Structure formats: structure tokens, C-alpha cells
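Student: A single structure is presented below for examination.
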Amino acid sequence: MIRNIVAYQLPHGWPHLAHETAELLSRRTFQGCGPLDTAHAGFVPPRDDAALCEAIAGRYLFCHQHEEKLLPTSVVNEYVETKREEIERHQGYKLGRKQIKEIKEQVISELLPQAFTKKRRALAWINNARGWLIVEATSAKRAEDVLEDMRRAIDALPVAQLHTEVNPARAMLRWLADQEAPERFSIDSDCELVSIAEDEGVVRYSNWDLSGEDVQYQLTIGRSPTLLGLTFDDRVSFIMTNRLELKRILLLDIVTGGQDEADDAIAKFDADFTLAAAEIEGALKALVGELGGLARKDAPDLVDQAHAAIDNVMAAGTVTFTGIDGGALGIGNDLDPLYHDAKRVVLEQGRPSISLIQRHLRIGYNRAARLIEQMEADGLVSAMRADGTREVLAA
């Protein structure tokens, strides 16, 4: 039902009820393209017999529709060329650029009323309990079409794309290097690795064993993941991007197999949406938690930090991850009460992995990273290699 999403934070919540939201969205009701319009967009009911905004299972659901005329350039040029040749034969001289431009505008005006149209619909919903606005879109650029019409209808829409303390690209790099996803997640078989050097190209893996040496080699030469396939709780699989967008979302059989069939189309739509939204939000909430929670407003841009880390990989062969405050993680801080427990886990397993400590001690990503950095400062584990891994130095 919903294959791609971009999520936004509503810092002040949503102050309107469903019927109030519907009334506001009616300012940008979809009207369709007129005879000379090339495109038009606006809001339509999300299903039959619905208002512009429907309250379903604690969420406010609405739908944005975009329509555009399909007028291929080749067809326009062919008509323009025919008219140009006809006029030149009649007048006996070649036409200038200005005259040809006028002919093209005339041709477009004549063809637009006959052109086929293409419609695109995007569901969007507000979960006020979480303070989220989620848009069905393949990218933030496509989602912006929906947000733009919302701003025109509502006057003010203070939203920001979900931004976490730990940059998703940095986390995906660690997960691939450790060959282990965080608790409740598993790494699937799709990945995209990009080098910061423009001439190095992109490496994509599809239906591939990502634990193989070839993927590890790509990490050692400075490529960083921008897409990674994940499964959450064996319930929903998706592709996560370095902007925390979810693509190719698929609810697995364990979720859909136990769903009762609704008696009518409206009830089925509501049930399908409620199920999909709950599973997507559950996976997204868990991801945000694994990425250190939502970023503080005064925190530096972690995307820039991630790019700097990739620069270090290419220039020096190592990556130094710094804390939010700019200092090395765990250095100069008081000893964490869980330090000795974390040390025991690492020594017993023989593997200094952040996700390993997270799973055994049931703590967040940032705290586990600080514990590893404390072990490095004490000489128990090595500094991070270019591929993002470490080794145990002391027994």
C-alpha cells in the first residue's frame, strides 16, 4: 500500500482537529488541469466517501494529487517543423529564431487541450502523539510538492525532516563494517556505496551477500553507504537512505498473514492503512532510537561530520569519530558505570563491536560508542581501521 516515505518532525505538534485540517486543505483542493494548463496539484479525499482529512486510528490521513499534461518534445518539434516549412515556402525566405519561438508557443497552445494527462497521488498522515508528518514519496524533493501545497493552504508549516544525533550514513558504515545490525534489525541484501571522489563512481549491490569480502574492500577504499536494506523484527523490510528516508517498504507475511479480511472497501482501506502506518512508524521509531534520538537544535550538522570522516578515510586510511560536543567520544569523561561490563563482553567475545555492546548491555548507540572509545584510550582495543573495525589488544 505504501512503498516509500519521507518523515518530518512537527516541533510544536498539530493544533488542528481532523475536520479543521480538512477545511484548511480545501483552500488547495485539486481542480485538474485546464485546457491550457501544463500541470496542476492539490488535495483530494484519501479514499471514497471521505473528507479531505480523515481521522483513522489516531492519525490524520489526507492525500495530495498532481496532474500533468504529457506533451512529448519530439511531437512538438515535428509540428513546429511542419509549420515552419509551410510558412517558408509561402513567404520565400527563412524564419528567424523569434518567429520560430512564436510558432512553437502556438503549437503548444493547440496541442495542450488534446494531450494525455498523468496523475500521481501521495498519501500523507500526521501522528500527533509522536509529532510526525509522514509523506508517501520517493525523495524529499518529491515530498516537497506536498509540503508546498500544505503551506499555501495552512499559511505556516514549521516542519523539518527527521534529523538524528548520529548521521545515518555513519551508522550504516559501522553496521556494514561490523557485519551486524542493531538489535531488532537485520541487514538484507541491498546496498549502495558511494565514494566522495566524483570520478570513483557508485557501487550497487542487489540480492547480494553483504558480509562478503568485496563489500568490506569497498569500505576500506573510502566508499560509504548511502542506501542499505534492513528488516525490522522480521515484520517489515525496507531500504534506508542516508537521509533516513525509507524506500521499497514491504510488510512481511508474519504481518499480513494474520490480517482479517474487511467486509467492504472502505473498511479494508482503513485497516490496510492502519496496519502499514503502525509497522512503518514502529520501524522508524526504532531507527531513530538506534541513531541516538532526534538531534538537538544546537547540535552541529552531522552530515558535515560524516563527510569529514570519509575524507579521513581517503586521506589517512583511518576514521576518527567525534562526539556531538566536538571532543573524542569517552575521552576525558568519568568512567561509565557499565565500563567493566562492556569490557567483559568485548574480551569474552573477542570482538570490540558497538552493536555487540548495545545488544548485551541494552544501551543506546552513543553510550556504546563512548565505551569503545574508553577502551581504546586504555589500550584494550585498537584504533578504528579504515574499514571501520577494531581488534582486541589486551586479554
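Student: Hey, what's the chain come to in accessible area per residue, 1.4 Å probe, Å²? Please report the intermediate quantities before stating the final value.
Tutor: Numbers: 20170 Å² over 395 residues.
Value returned for the chain: 51 Å² of accessible area per residue.
Student: Which is the longest run of the chain containing none of the chymotrypsin sites (Phe, Trp or Tyr not before Pro) found in DSSP loop states (not H, G, I, E, B) with at most 16 other C-beta atoms within 10 Å? Spell out each step's value before the answer.
Tutor: On the way: sites that count: TYR93, TRP208.
The reported range is 209-395.
Student: Also: Rounded to whole Å and sorted largest first, what semi-axes of the equivalent ellipsoid does the C-alpha gyration tensor of the chain yield via the square root of 5 times each eigenvalue?
Tutor: Numbers: eigenvalues 461, 171, 73 Å².
Ellipsoid semi-axes (Å, largest first): 48, 29, 19.
Student: Counting other Cβ atoms within 10 Å of each Cβ, which GluC sites (Glu not before Pro) in the range 189-268 have at most 16 and sit in a DSSP loop? Write down the numbers at each step before the final one.
Tutor: Values: sites: GLU192, GLU198, GLU200, GLU213, GLU245, GLU261; in loops: GLU245, GLU261.
Within the range 189-268, the qualifying GluC sites (Glu not before Pro) (loop, at most 16 other Cβ atoms within 10 Å) are GLU261.
Student: Count of lysine pairs in the range 11-124 with Cα atoms under 20 Å apart, counting only pairs 8 or more residues apart in sequence or on different chains? Please list the in-between numbers first.
Tutor: Details: LYS69/LYS104; LYS69/LYS118; LYS69/LYS119; LYS83/LYS94; LYS83/LYS98; LYS83/LYS101; LYS83/LYS104; LYS94/LYS104.
Value for the range 11-124: 8.
Student: Starting from the Cα gyration tensor of the range 1-67, take the square roots of the eigenvalues, sort them a ≥ b ≥ c, and report rounded, prolate or oblate (rounded when a/c is under 1.5, otherwise prolate if a/b is larger than b/c, else oblate).
Tutor: Numbers: a/c = 1.79, a/b = 1.60, b/c = 1.12.
Since a/c reaches 1.5 and a/b is larger than b/c, the shape of the range 1-67 is classed as prolate.
Student: For the full complex of protein chains and a 1.4 angstrom probe, list THR256, THR21, THR389 by accessible area with the highest value first. Present the calculation step by step, with values, prior to reporting the outcome.
Tutor: Working: THR256 55, THR21 0, THR389 25 Å².
Descending order: THR256, THR389, THR21.
Student: With all protein chains present, how much of the accessible area of the chain (probe radius 1.4 Å) comes from carbon and sulfur, to the nearest whole percent?
Tutor: Numbers: 9760 of 20170 Å².
Solvent-exposed carbon and sulfur of the chain make up 48 percent of the total.
Student: Anyone know which of GLU110, GLU373, GLU290 comes out most mobile in the 10 Å Cα GNM of the chain?
Tutor: Of GLU110, GLU373, GLU290, the Gaussian network model singles out GLU110 as fluctuating most.
Student: What shape does the range 89-232 have by the C-alpha gyration tensor, where a ≥ b ≥ c are the square roots of the eigenvalues, rounded means a/c under 1.5, and otherwise prolate means a/b greater than b/c and oblate the rest? List each step's numbers first, then the result.
Tutor: Working: a/c = 3.17, a/b = 1.68, b/c = 1.89.
Taking the square roots of the gyration eigenvalues as a ≥ b ≥ c, the range 89-232 is oblate.
The values are calculated or read from the model by the stated rules, or taken from the named source; none is laboratory data. Keep in mind that this is a model prediction, so the values were computed, not measured. We place every Cβ from the backbone using ideal geometry, glycine too, and count neighbours over all the protein chains shown. The accessibility values were calculated without ligands, DNA or RNA, using every heavy atom of the protein model including side chains. Shrake-Rupley method; radii C 1.70, N 1.55, O 1.52, S 1.80 Å.
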